[in-house]
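Data block below; observations after.
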Amino acid sequence: MAQTDFVTSGDAEIDALRLNLHRQATDAANFPYRLALLTSWLHLLQRQGADLSGYAPHFDALKRSAQQADDAALFTALADGFAYLDRVQRALRNAAPDIHPLTSAPESAADYALADWPLYGGNMQHTAGTDAPGPTRGEIAWRQPIGLAWYARPTVEDGRVYAAVPGIRCMLRCLDLASGEVLWSTRRVWTRSSLGVVNLSPSSYVVAGAASTPLVLADRVIVNELGAQGRAFGARHLLVIDKATGELGQRFTAGQADYRAGYAPLAGNAAVAVYPTGTQRIKDRPPQVIAANRIVCQDIHTGEILWDFHVGTIFCEPLVDANHAFVGTADGQFFCLNLSGASGADHFGFSDERRVAWHFRARGPVNASAEVSENRVVFGDNAGWLYCLDRVTGAVLWETQGTETEDRSLRLYSRPAVANDRVYVGTAAGQLRCFDVNTGRLHWSFAAADWVRARPYVDGQRIIFAQMDGQVCCLEDRGDHAAVAWQVRVGTHPIYADLVCAEGRLLVSAANLTLWCLDANSGAVNWSQYLLDHARIEDRVYAADELACGGWYQSKPTAADGKVFVGTPAHFVCAYQHETGAELWRFEVGGAVSGAPAYADGKIFVGQQGGEEYFYCLDAHTGRPLWRQNLGWVWASANVAAGRVFVAG
C-alpha cells in the first residue's frame, strides 16, 4: 500500500500492523495476533457505521481454509480481509455514512397510547409482538448511564498510575500521573487456542479479564482476573507483569470467578496475595455455583497456595495489614486471619481454627471493607452500626448506630477513612458522616444527593468524596460541621471505586471504564483516559477492544405502569419514569442481573448471577424488597401467571 493512500484507523497498534503486513509474511506464529487485530479493526469500523456487507466472503474464506487446515489459503484470506477493510476505511473518510432516523406519522392521538411490556417477550408466550404502533420519530427520547460494577481503583507509585483493563486486547495500563500519557500497556498473547473455539476470531467468552486493583511491588505488578465460562469453567489467574515494561510474565492459577461478579478483589504485600474465591463451574451438570466464600493466601513468587480458609459469603475486599488479613462476611462475621502458619511444623489445615486470630459478630452483613489505623479496625454493617475494634484482640473499643438503614443497598457503608482522630464514612442513605475515632461520637453529617459508595480521601482538613451519580465533592471539616469547598460532575457514569490521590492529583475511576484525574485543590480536570483501546475521531470515542469474559449487558428492559425496569451488570435493578428517564429507584443485588425483570400486580420479580443466590420480589413503586427465596443463580427471566412465579434456573 502506498503511504499516500494510507488512512488511519485511529488505533496506533492496528495501523502499525497494517503498515507492516506486506513487509513480513503471515506465518503460523504471527497469524493469531494478526487475526485478532483484523477482528478488532472490523468491530471498530462497525461502530462508526461503515458498510461492511462485503466482508462476508472474506469471513467465509477464513472459515473454509481453517476447516480444511489449509494454512496457505488461510494466510491469503487474512491478507484479503485486511485489503478489504483498507478500502472500507478510505470510503469512510471520503463519505461518512448517511444515518438518519426513520419517522412515521401517527393517525390519531390514540396511537400514542402506552402498551405495557411486563415480561420478557412481552407476555407469557414470549411472542415479542404488540398491536401498539411503536416509535414514530426514531429519535432518542432519553438515556441513562448503566456501566459495570467497576470497583477496581488505580494504584499510584513514583508518578506512575497502574490501572487494570478488562479488555480482550489489553489487561493493564501504566500512565503518567501528570499528563495521563500511556507509558505502556500489557497485551494479551494470542495463540490459535486462545482465539476461540473455531480459531477464527477472538471471543470474549473464552478469555478471562483483568478486574482488580493492581498490587504494585518492587519490580512487578500483580492483577487478579474474572473468569470466562466459555472455557475451563471460569478459571482465572493472578497475572504477574513486569513493572518496567508491562510484559506479561507468569500466570498463577487462582481458582474460579464468574465475570458477572463484576470485580476480582485482591490484597497483599511483598510476599503473598490474598483474595476471596468460590466454586463457579456453570457448565458442570448439575452446575456448581457457590459465591466467594473462602479466603486464599498465595505465594506471589512461586504461585503456591499457602492456605485456603472458609469464612462465609464475601462481598468485600480483604485488607492485609502486617501479618493479618481482615475480612467481613454477608452473615455478619468479621475475621482477623493469621497470614503465617502455612507450612512446616506449624502447618494449618483447611478450616483449622488456628487460622483465626480473632473474630467478631456484627449485627448485620459486613459487605464493605474495613480500615486499619494504628491499633484500631473500623468498619460498618448493613444494620447501620459502625464498629471500632482493637486490632490485636478484637475487643470492642466503641460501637454506634451510625446511620439509618437502606434495605435496597447491598453495602450500606463505604470503606471508612481515618485521619485527624476522626472517621469519615459514606452511606447508601446519602450521607458523608464524621465520627470521633476515640469515642464514636458523631461530629457532623453532610447530606449528599446520592449514595456514597467510594471510600473518601482526606487531606488535612479537606475531605473529598464521590456520589454514585458522578458528583465529586470537597468539604472542609470545621469541627462541628462541614462546608463545601468545591463540587464537580465527573463524566456521565456512576462512581463505585475508592478514590485515590497522589501529588495533589485525585484519581476517579468511573463505571464506564474512564479514569479521571482532577486537581485535588480545585476540582479542575487535569486529564481523562478511556481504559479500553479506542479511536478518537472528530471528538467521538469508538472502542477498538471488547470486554473480556462474556456478554456483560444481558438484561432486556420491561415496561408497565408508566415505568421502565432493567437489570444491569453493575448489580442493580433500576426503575425509570417512561417519559423522562428519571431514575425512580434502584435495588442492589450480589451479582449481575441478566434476565429481564418481570412485572405483575405492582411487583417486580428478578434473580441474579455471579454473587448471592437469592431471587427477589420487589415493590414496583418503591423498589423495597417484599420477599426473597434462595433459588441459586438465575439466568432467565421469570414468568408470572395465576398468582404463581415460574423461574428457570
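So in the stretch 419-438, with the set limited to residues that are closer than 17 Å to D480 by Cα and open to solvent by 10 Å² or more (accessible area, probe 1.4 Å), which one is modelled with the lowest pLDDT?
Among residues in the stretch 419-438 that are closer than 17 Å to D480 by Cα and open to solvent by 10 Å² or more (accessible area, probe 1.4 Å), the one modelled with the lowest pLDDT is N420.
Regarding V541, is this residue in a strand (DSSP E or B), open to solvent by 20 Å² or more (accessible area, probe 1.4 Å), within 27 Å of A36 (Cα to Cα) and without any contact (Cβ under 8 Å) to a residue 40 or more places away in the chain? Explain how you work it out, then say what you get.
Working: in a strand (DSSP E or B): yes; open to solvent by 20 Å² or more (accessible area, probe 1.4 Å): yes; within 27 Å of A36 (Cα to Cα): yes; without any contact (Cβ under 8 Å) to a residue 40 or more places away in the chain: yes.
Yes.
Looking at (1) open to solvent by 30 Å² or more (accessible area, probe 1.4 Å); (2) modelled with pLDDT of 95 or more, find the lone condition where A620 falls short.
Among (1) open to solvent by 30 Å² or more (accessible area, probe 1.4 Å); (2) modelled with pLDDT of 95 or more, A620 violates only (1).
Please determine whether any residue of the stretch 461-475 is among the small types (G, A, S) and open to solvent by 40 Å² or more (accessible area, probe 1.4 Å).
There is no residue in the stretch 461-475 that is among the small types (G, A, S) and open to solvent by 40 Å² or more (accessible area, probe 1.4 Å).
Condition check: modelled with pLDDT of 95 or more and open to solvent by less than 40 Å² (accessible area, probe 1.4 Å). Does S9 satisfy that?
Considered against the rule, which asks whether it is modelled with pLDDT of 95 or more and open to solvent by less than 40 Å² (accessible area, probe 1.4 Å), S9 comes out as yes.
State whether the residues of the stretch 42-60 include one that is among the small types (G, A, S), under 27 Å from D539 (Cβ atoms), outside any helix (DSSP H, G or I) and open to solvent by less than 40 Å² (accessible area, probe 1.4 Å).
Yes, that holds for at least one residue.
Only one residue in F360, F350, F309 is modelled with pLDDT of 95 or more and either in a strand (DSSP E or B) or open to solvent by 30 Å² or more (accessible area, probe 1.4 Å) (or both). Which one?
F360
Working only within the stretch 248-304, note down all residues that are of a type outside the set (G, A, S), part of a loop (DSSP other than H, G, I, E, B) and within 18 Å of G550 (Cβ to Cβ).
Y263, I282, K283, D284, P287, listed by residue number.
Can you pull out the residues in the stretch 70-94 that are among the small types (G, A, S) and open to solvent by 80 Å² or more (accessible area, probe 1.4 Å)? Steps first, answer last, please.
Residues of the stretch 70-94 among the small types (G, A, S): 72-73, 77, 79, 81, 83, 91.
Selection gives nothing.
Residue check, V156 against (1) part of a loop (DSSP other than H, G, I, E, B); (2) open to solvent by 20 Å² or more (accessible area, probe 1.4 Å); (3) in contact with a strand residue (DSSP E or B) (Cβ under 7 Å, 6 or more places away or on another chain); (4) at pLDDT 90 or above, all met but one. Which one?
All conditions are met except number (1).
Which condition number does R143 fail, the rest of (1) at pLDDT below 95; (2) buried (at least 18 other Cβ atoms within 10 Å of the Cβ); (3) charged (D, E, K, R) being met?
For R143, the failing item is (2).
If I filter the stretch 280-305 down to residues being closer than 17 Å to C336 by Cα and hydrophobic (A, V, I, L, M, F, W, C), which single residue comes out as surrounded by the fewest Cβ atoms within 10 Å (Cβ to Cβ)?
Checking each candidate, the answer is V296.
Which one is surrounded by the fewest Cβ atoms within 10 Å (Cβ to Cβ), of the residues in the stretch 397-418 that are part of a strand (DSSP E or B) and not hydrophobic (A, V, I, L, M, F, W, C)? Outline the logic, then answer.
If we filter the stretch 397-418 for residues that are part of a strand (DSSP E or B), which is where we start, we get 397-401, 413, 417-418.
Among the residues that remain, those that are also not hydrophobic (A, V, I, L, M, F, W, C) are: 399-401, 413.
Working: E399: 15, T400: 18, Q401: 13, Y413: 29.
Taking the candidates together, the pick is Q401.
Filter the stretch 159-184 down to the residues that are assigned to a strand (DSSP E or B), within 19 Å of the chain's Cα centre (by Cα) and not hydrophobic (A, V, I, L, M, F, W, C) and list them by number.
Y162, G167, R173
What are the residues in the stretch 627-645 that are exposed (fewer than 14 other Cβ atoms within 10 Å of the Cβ) and over 25 Å from the mean Cα position of the chain (by Cα), if any?
W627, Q629, A641, A642, G643, R644
Restricting the stretch 259-279 to residues that are open to solvent by 10 Å² or more (accessible area, probe 1.4 Å) and polar (S, T, N, Q), which is farthest from A235 (Cα to Cα)?
N269
Might you let me know whether the stretch 318-330 holds any residue that is modelled with pLDDT under 95, surrounded by fewer than 20 Cβ atoms within 10 Å (Cβ to Cβ) and not β-branched (V, I, T)? Lay out the reasoning, then the answer.
Of all residues in the stretch 318-330, those modelled with pLDDT under 95 come to 322-323.
Add one more test, that the residue is surrounded by fewer than 20 Cβ atoms within 10 Å (Cβ to Cβ), and what stays is 322-323.
Keeping just the survivors that are not β-branched (V, I, T) gives 322-323.
Checked against the condition, which is being modelled with pLDDT under 95, surrounded by fewer than 20 Cβ atoms within 10 Å (Cβ to Cβ) and not β-branched (V, I, T), the stretch 318-330 yields at least one hit.
Of all residues in the stretch 1-60, how many are of a type outside the set (G, A, S), under 11 Å from L85 (Cα atoms) and touching a strand residue (DSSP E or B) at 6+ places or on another chain (Cβ under 7 Å)?
Summing the residues that are of a type outside the set (G, A, S), under 11 Å from L85 (Cα atoms) and touching a strand residue (DSSP E or B) at 6+ places or on another chain (Cβ under 7 Å) in the stretch 1-60 gives 1.
Tally time: how many residues in the stretch 377-396 are surrounded by 18 or more Cβ atoms within 10 Å (Cβ to Cβ) and in a strand (DSSP E or B)?
So the answer is 9.
The values are calculated or read from the model by the stated rules, or taken from the named source; none is laboratory data. Just so we're clear, the structure is a prediction, and the values are computed from it rather than from any experiment. Cβ: placed from backbone, ideal geometry, glycine included. Neighbour counts: every protein chain shown. Protein only, heavy atoms only, side chains kept; ligands, DNA and RNA dropped before computing areas. Shrake-Rupley method; radii C 1.70, N 1.55, O 1.52, S 1.80 Å.
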